[in-house]
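Novice: Submitted below is the structure of interest, expressed as structure tokens.
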Amino acid sequence: MATNQYIGYPEAKLFQTADTSSKVLNKLLWGDLVVVLDEISVPSFTKIKCRGAVGWVKSNKLQANKLLEVCFVDVGQGDGSLVITPDDKFILIDAGKGDNMVRFLNWRFNLKNRTDQLPIEMLIITHSDEDHYGGFDQIINHDKINIKRIYHNGIMERAGNELLGPRTTKNGKKYLSDIIQNLPELKSLFDIQTNRGGKKYPKLMHDAYQKKGIQQIDSLEKGTLIEGFDENSEIRFEVLAPVSEQFNGKKHLRVLGDDGETKNGHSVVIKAYMGHISLLLGGDLNEKSQEYLTEHYTGYNPLTTTLENDIKDMIAKGRLIFESDVAKSCHHGSDHFMDDFLSFINPIATVISSGDNETHTHPRPETLGAIGKNSRGKRPLIFSTELARSTNEKRAINMTDYEILRNLYIELKKPELTAELKNQLKIQIAKIESKIERNVAVYGMINLRTDGNKIMIAQKKEQKDAGYIYWLLELNEHNKLEYKA
């Protein structure tokens, strides 16, 4: 009977026969799922099926344990990550603006041919910018996806004159005073149609509980314990932001500037732990929120702290909270950051999610320089979904396949078509959509895998069918991760 195993560290060759001199069918990465076939055993070799191919691998290149995997999906201008835990829990942190994330899920989990629903443990919406939440619309309403719970940052956009809700003032500082913490509070707000208006974010949240019946919709803030990911779990999520302030019997969030600066600045920030490794995952922090978080966690104002010893103490205290082995760059590599805050994170590797055809020029060159300067190791790593997808195949798909697909859908709507012709068109459409979905899933995605002791970060090589290139982070003699150049 066939059984499942995984490729061992760091890679393995899939041979055509049980002979290392035979043709190499594919190069497989650490953690790739393989089906071990029930065949006559061959000394030191095992017959497997992986990535659609059947062949032989060295038996010592297999392992039983599944890894933690983080897929930083190429969603264009925006953010979207899929976390897959060793016990097969699926977590989505943002989903971009368009349909790239749902296309990725279609490809990764073969949604079109599934007979059951894909169980999503949680959606985390870091904040209400459309390039972070827009892609959740198709996911929430997908008939092959079942979502257990949704988390957000507590700031609910609504129709009317006050986009982020009513405000109050304390000690000369302005605060948002209507922080939505749970489903009853969400229903109280959005069961009233005039509060939703025609706005996209309220409609998304209203659809989640009203149409899809999701009963766990809660806010995240510093101190939140996420069920199943607490200090007793193999994977632990520590929520570092937003940071609320309690007064007048209610939670408030500081106004950090205009509406955009405030909702970005109060993005959900999560530090994930597994074994010796840590990952920092968050939204669109900016200078004002980084100043606010620095004061909160270190007691120092980074704009007025000038004494050398105070700066050293501030950075030491900041690193106790934010230092991580790998960080998802806030705000797509924009120049809205503070150097001191970057030095808190002090990563070995940083992943930037950004897109083409946007006016922000992300990632900014000064940001890339600052990330490198404030990272650790002789050769800190900076990954970019936008740069990783710079391939001829991607450009060809943008220019040809989408146009062909559009014309096929137009043809499919013609009322005079016979059932046979409709079926032929649907087959053509499925082939092109599968090609596009695979392209979205492969080109541009930055893939991280870890067992809690070491990390592999991989991306697709630009040349078609050239496979993957990867980088390894391993523990040194001080039990700290470092990049093995």
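Novice: Collect the residues in segment 1-60 that are under 26 Å from D87 (Cα atoms), hydroxyl-bearing (S, T, Y) and part of a loop (DSSP other than H, G, I, E, B), keeping them in residue-number order.
Specialist: Once the filter is applied, which keeps residues that are under 26 Å from D87 (Cα atoms), hydroxyl-bearing (S, T, Y) and part of a loop (DSSP other than H, G, I, E, B), segment 1-60 yields only Y9.
Novice: While we're here: In this structure, is L164 of a type outside the set (V, I, T), part of a loop (DSSP other than H, G, I, E, B), at negative phi and touching a helix residue (DSSP H, G or I) at 6+ places or on another chain (Cβ under 6 Å)?
Specialist: The answer is yes for L164.
Novice: Something else now. Out of P202, P242, which single residue is more than 19 Å from the chain's Cα centre (by Cα) and open to solvent by less than 10 Å² (accessible area, probe 1.4 Å)? Full working, then the answer.
Specialist: Details: P242 fails: more than 19 Å from the chain's Cα centre (by Cα).
When all the criteria are applied, what remains is P202.
Novice: Could you name every one of the helices (runs of 4 or more DSSP H) located completely within segment 372-485 that has at least 3 residues being at pLDDT below 85 and closer than 30 Å to F344 by Cα?
Specialist: Per the criteria, 385-388.
Novice: Could you tell me how many of the residues in segment 306-328 are over 23 Å from R379 (Cα atoms), open to solvent by 20 Å² or more (accessible area, probe 1.4 Å) and not basic (K, R)?
Specialist: 8
Novice: Across segment 135-161, what is the number of residues that are surrounded by 15 or more Cβ atoms within 10 Å (Cβ to Cβ), part of a loop (DSSP other than H, G, I, E, B) and not basic (K, R)?
Specialist: 8
Novice: Go through the residues of segment 350-371 one by one and say whether even a single one is buried (at least 16 other Cβ atoms within 10 Å of the Cβ), modelled with pLDDT of 95 or more and not in a strand (DSSP E or B).
Specialist: No, every residue in segment 350-371 fails to be buried (at least 16 other Cβ atoms within 10 Å of the Cβ), modelled with pLDDT of 95 or more and not in a strand (DSSP E or B).
Novice: Only one of these is touching a helix residue (DSSP H, G or I) at 6+ places or on another chain (Cβ under 6 Å) and either of a type outside the set (V, I, T) or closer than 28 Å to M156 by Cβ (or both): K271, K317, K222. Name it.
Specialist: On the way: K271 fails: touching a helix residue (DSSP H, G or I) at 6+ places or on another chain (Cβ under 6 Å); K222 fails: touching a helix residue (DSSP H, G or I) at 6+ places or on another chain (Cβ under 6 Å).
Of K271, K317, K222, the one residue that is touching a helix residue (DSSP H, G or I) at 6+ places or on another chain (Cβ under 6 Å) and either of a type outside the set (V, I, T) or closer than 28 Å to M156 by Cβ (or both) is K317.
Novice: Residues of segment 61-74 being in a loop (DSSP other than H, G, I, E, B), of a type outside the set (D, E) and closer than 25 Å to F104 by Cα, which ones?
Specialist: Of all residues in segment 61-74, those in a loop (DSSP other than H, G, I, E, B) come to 64-67, 73-74.
Then keep just the ones that are of a type outside the set (D, E); that gives 64-67, 73.
Within segment 61-74, N65, K66, L67, V73 qualify.
Listed here are the residues, each with its yes/no results for (1) modelled with pLDDT of 95 or more; (2) buried (at least 19 other Cβ atoms within 10 Å of the Cβ).
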{"position": "I180", "(1), (2)": "yes, yes"}
{"position": "P184", "(1), (2)": "yes, no"}
{"position": "K187", "(1), (2)": "yes, no"}
{"position": "N195", "(1), (2)": "yes, no"}
{"position": "G213", "(1), (2)": "yes, no"}
{"position": "I217", "(1), (2)": "yes, yes"}
{"position": "K222", "(1), (2)": "yes, no"}
{"position": "L225", "(1), (2)": "no, no"}
{"position": "F229", "(1), (2)": "yes, yes"}
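Novice: Also, quick follow-up: Pick from segment 270-305 the residues that are in a helix (DSSP H, G or I) and touching a Leu at 6+ places or on another chain (Cβ under 7 Å): which of them is least open to solvent (accessible area, probe 1.4 Å)?
Specialist: S289
Novice: Considering each residue of segment 5-30, count those that are without any contact (Cβ under 8 Å) to a residue 60 or more places away in the chain, within 26 Å of N447 (Cβ to Cβ) and either small (G, A, S) or open to solvent by less than 20 Å² (accessible area, probe 1.4 Å) (or both), and give that number.
Specialist: Matching residues across segment 5-30 total 6.
Novice: Follow-up question, since we're still on this one. Within the set of pairs 6 or more residues apart or between chains, which connect a residue that is free of Cβ contacts under 8 Å to residues at least 24 places away in the same chain inside segment 422-435 to a residue that is open to solvent by less than 30 Å² (accessible area, probe 1.4 Å) with Cβ atoms less than 6 Å apart?
Specialist: These pairs meet every condition: L425/L408; Q428/L408.
Novice: Mind checking which residues of segment 85-118 are open to solvent by less than 60 Å² (accessible area, probe 1.4 Å), aromatic (F, W, Y) and out of contact with any Cys (no Cβ under 9 Å at 6 or more places or on another chain)?
Specialist: Correct list: F90, F109.
Novice: Cβ-Cβ under 8 Å, sequence separation 6+ or interchain: first residue in segment 255-269 and closer than 8 Å to K288 by Cβ and crowded, with 23+ Cβ neighbours inside 10 Å, partner of a type in the set (A, V, I, L, M, F, W, C) and at pLDDT below 95. Which pairs?
Specialist: Listed pairs, sorted by first residue: G265/L285.
Novice: Now for a separate question. List every residue pair whose Cβ atoms lie under 8 Å apart, where the two residues are 6 or more positions apart in sequence or sit on different chains, the first residue falls within segment 467-481 and is over 27 Å from L28 (Cβ atoms), and the second residue, located anywhere, is assigned to a loop (DSSP other than H, G, I, E, B) and open to solvent by 50 Å² or more (accessible area, probe 1.4 Å).
Specialist: N479/H276
Novice: To continue, here is another question. Any residue that is hydrophobic (A, V, I, L, M, F, W, C), at pLDDT 95 or above, under 30 Å from E227 (Cβ atoms) and surrounded by fewer than 22 Cβ atoms within 10 Å (Cβ to Cβ) - is there at least one of those in segment 31-53?
Specialist: Looking through segment 31-53, at least one residue is hydrophobic (A, V, I, L, M, F, W, C), at pLDDT 95 or above, under 30 Å from E227 (Cβ atoms) and surrounded by fewer than 22 Cβ atoms within 10 Å (Cβ to Cβ).
The values are calculated or read from the model by the stated rules, or taken from the named source; none is laboratory data. All of these numbers come straight from a predicted model, not from anything done at the bench. Here Cβ is always computed from backbone atoms with ideal geometry, including for glycine, and neighbour counts include all displayed protein chains. These accessible areas exclude ligands, DNA and RNA; they are computed on the full protein's heavy atoms, side chains included. Shrake-Rupley method; radii C 1.70, N 1.55, O 1.52, S 1.80 Å.
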